[in-house]
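Okay, so here's the structure we're looking at.
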Amino acid sequence: MPLEDCRIIELPKISDPRGNLSFIESGRQIPFDIQRVYYLYDVPGGSDRGSHAHKKLHQFIVAMSGSFDVVLDDGSEKKRFHLNRSYYGLYVCPMMWRYLDNFSSGGVCMVLASAHYDEADYIRDYDLFMKKVLGDA
């Protein structure tokens, strides 16, 4: 899938003086059914996370608190997304190399995934990722 298939999606936001509310429903705001939710927190400043691709997994990434950047690479183009609002998320399609960096203090990253954890779905070597993108593997 090309990089332009990955995009920022604005979530519904119900404003209220007592605090705002946003929600995510499978197959409605995001283009897949949610099978797994995980989150990253207490990431030390200057650290990065990710640095892998998924063969089939779809993901939706939200900055629940603070901010961070997501860098996506489809093998021919790279794009950096800055996430800093809990009512925006980044849809990441399969076969997209990604890493997260530039975490603010107290940053919390929530990820909604289209499947349960499966190590066989990961590509953790960039050279192998490029071979698969080019059809050489």
**OP:** Just order 81-88, 31-38, 19-26 by mean Cβ neighbour count inside 10 Å, highest at the front, would you?
**Re:** 81-88, 31-38, 19-26
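With an 8 Å cut-off on Cα pairs and a minimum separation of 6 or more residues, tell me the relative contact order of the chain in percent. Each step should come with its number before you reach the end.
Working: 314 pairs, mean separation 46.0, N = 137.
Averaging sequence separation for qualifying contacts and normalising by length gives 34 percent for the chain.
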Original post:
In the structure shown, do any of K55/K79; K55/K78; K13/K79; K56/K131 have a Cα-Cα gap over 22 Å, and if so which?
Top reply: K13/K79
Original post:
With r defined as the distance between the Cβ atoms of S51 and K13 and R0 fixed at 35 Å, what FRET efficiency is calculated, to the nearest 0.05?
Top reply: 0.65
**OP:** Using Rg and Dmax of the Cα atoms in Å as the read-out, say which of (i) 17.3, 54; (ii) 14.7, 46; (iii) 15.1, 56 was calculated from these coordinates.
**Re:** (iii)
**OP:** Express in whole angstrom the spacing between the alpha-carbon centres of the range 105-135 and the range 1-52.
**Re:** 16 Å
Subject >> Within the chain, helix-based [θ] at 222 nm, where runs of 4 or more DSSP H residues each add -39,500 (n - 2.57), nearest 500 >> reply: -1500 deg cm²/dmol
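Bear in mind that the values in this text are calculations on the coordinates, not laboratory data. Keep in mind the model is a prediction, meaning the values are calculated, not measured. Virtual Cβ from ideal backbone geometry, glycine too; neighbours counted across all protein chains shown.
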